[in-house]
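Heads up, the thing below is written out as structure tokens.
The values are calculated or read from the model by the stated rules, or taken from the named source; none is laboratory data. As the structure is a prediction and not an experimental result, all values here were calculated from the model. Glycine also receives a Cβ, built like all others from the backbone with ideal geometry; neighbour counts cover every protein chain displayed.
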Amino acid sequence: MAFFTHRISRSFCSSAVRSVVIKNVMVIGGGQMGAGIAQVAASTGHSVTLVDMSEDILKKSVKGIEGSLKRVVKKKFADKPEAGEEFVQKILQNVSISTDPAAAVPSSDLVLEAIVENLKVKQDLFSRLDKLAPA
């Protein structure tokens, strides 16, 4: 009895995806997950707009991002506090906040959501944003 191993390669049409450069990221939801996503995107040099319904939640999110970055600074820049502060400020400059997703989505290259786990709410959100987002 012989066994044959077939190598199956699967490719997706990614030619359109390869030509798109992601510079502006919009994260909807300023909770712990959304703030974490925003921090990582901002750390990689992307311009991030963090969107939530409440200005208070957004301020808390930015404060949480700053606190998280300061913990990184303690480990990474223990001997260079000035460089650490510069690191934090550079990343925070990449984060802006908004309570209006409709105003932020036209300039976004990538839209991510980190909102309540309710399928209807997510479908409603994306159906509204899909009309405003660039192709």
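Report yes if some residue within the stretch 64-87 is out of contact with any Asp or Glu (no Cβ under 6 Å at 6 or more places or on another chain), at pLDDT below 95, under 23 Å from F126 (Cα atoms) and not small (G, A, S); otherwise report no. Looking through the stretch 64-87, none of the residues is out of contact with any Asp or Glu (no Cβ under 6 Å at 6 or more places or on another chain), at pLDDT below 95, under 23 Å from F126 (Cα atoms) and not small (G, A, S). Scanning the stretch 103-122 for residues being more than 16 Å from the chain's Cα centre (by Cα) and surrounded by 13 or more Cβ atoms within 10 Å (Cβ to Cβ) gives a total of 1.
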